[in-house]
1. Along segment 93-102, what does the Karplus equation 6.51 cos²θ - 1.76 cosθ + 1.60 (θ = phi - 60°) give for ³J(HN,Hα), rounded to whole Hz, x for Gly and Pro?
2. Order the following by accessible area, largest value first: 73, 31. Probe radius 1.4 Å; ligands, DNA and RNA are ignored.
3. Residue 104 accessible area, nearest 10 Å², 1.4 Å probe?
4. Order 70, 59 by their accessible area, 1.4 angstrom probe, all chains in place, largest first.
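The values are calculated or read from the model by the stated rules, or taken from the named source; none is laboratory data. Owing to the predicted nature of the structure, the values given are computational and were not obtained by experimental measurement. Please note that ligands, DNA and RNA were not included when accessible areas were found on the heavy atoms of the full protein model with its side chains. Shrake-Rupley method; radii C 1.70, N 1.55, O 1.52, S 1.80 Å.
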Amino acid sequence: MQSSISRRSLLNYTGLVILIAGMCTGEFIYWRSLHGGSGAGDEDPLSGQYDSRVYQREMEVNVGTFGLIMDQWSRSFAKLKEPGPLAITITVVSMLAAGGCFFVASRLPRDD
């Protein structure tokens, strides 16, 4: 069985690798989005319609409040596939995962 020092260092190194890989991936995706030419011209021309009160009221009448909420959530999740929010999401998730590794490593008992 491994000693707690080696488990702590393994968790710290794992957290460090997760953090660096996630931040590099997020930075690369964001950099490619800036240089890839995908700009504001690629937006959905009907996106303003989805935010209008008339559309929301008709959706609520036709499919109910739960359907309206699900429609808004599905459009929000679809926006996460765009390069900017995807890069931010990957970076934040890697930071949380690395922080979890560092936290667990700090809670392991020390052999003094």
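1. In residue order, the calculated couplings are 5, 5, 5, 5, 5, 5, x, x, 4, 5 Hz.
2. Working: 73 145, 31 115 Å².
Sorted by accessible area, descending: 73, 31.
3. The accessible area of residue 104 comes to roughly 70 Å².
4. Numbers: 70 80, 59 40 Å².
Reading off the accessible areas and sorting them downward yields 70, 59.
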